[in-house]
1. Please list the non-local residues whose amide H lies under 5 Å from the amide H of A32, H modeled 1.01 Å from N, same-chain partners needing a gap of 5 or more.
2. Write down the accessible area per residue of segment 25-87 in Å², having rolled a 1.4 Å probe over the full set of protein chains.
3. Calculated FRET efficiency, S87 and E29, Cβ-Cβ r, R0 22 Å, to nearest 0.05?
Amino acid sequence: MKKKMSFVFLAFLVGILVSILPCQVRAEEPVASGYCGDDLTWTLNESGTLTISGTGDMYDFVIANDMSWYDQRYDIKQIVIESGVTSIGRHAFYYVNGKT
């Protein structure tokens, strides 16, 4: 009987601890963001992930510094293109991370 009560009490304590601990991983704050299509947006987070999201086509960029993330190009370490994006614009990633 004592073992059973100890187990129930321990389970109760674990339940309390789990409920007061943060359950969600903190999402990284965007350090920059903007538009790259009529219905497309981009965000760059603290880790250097550039995420393109929304629906439709990305703008074509005539020259590399037209792309809206040009000033952050050296900070980009990873690019995520979500499923609603139907085309990538010309020169979109030219000079990203200092490379052509």
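1. Counting only residues 5 or more places away or on other chains, the set is L44.
2. I get 61 Å² per residue for this part.
3. 0.15
The values are calculated or read from the model by the stated rules, or taken from the named source; none is laboratory data. Keep in mind that what you see is a predicted model, and the values were worked out from it rather than measured. Here Cβ is always computed from backbone atoms with ideal geometry, including for glycine, and neighbour counts include all displayed protein chains. Surface accessibility is based on the protein's heavy atoms, side chains included, excluding ligands, DNA and RNA. Shrake-Rupley method; radii C 1.70, N 1.55, O 1.52, S 1.80 Å.
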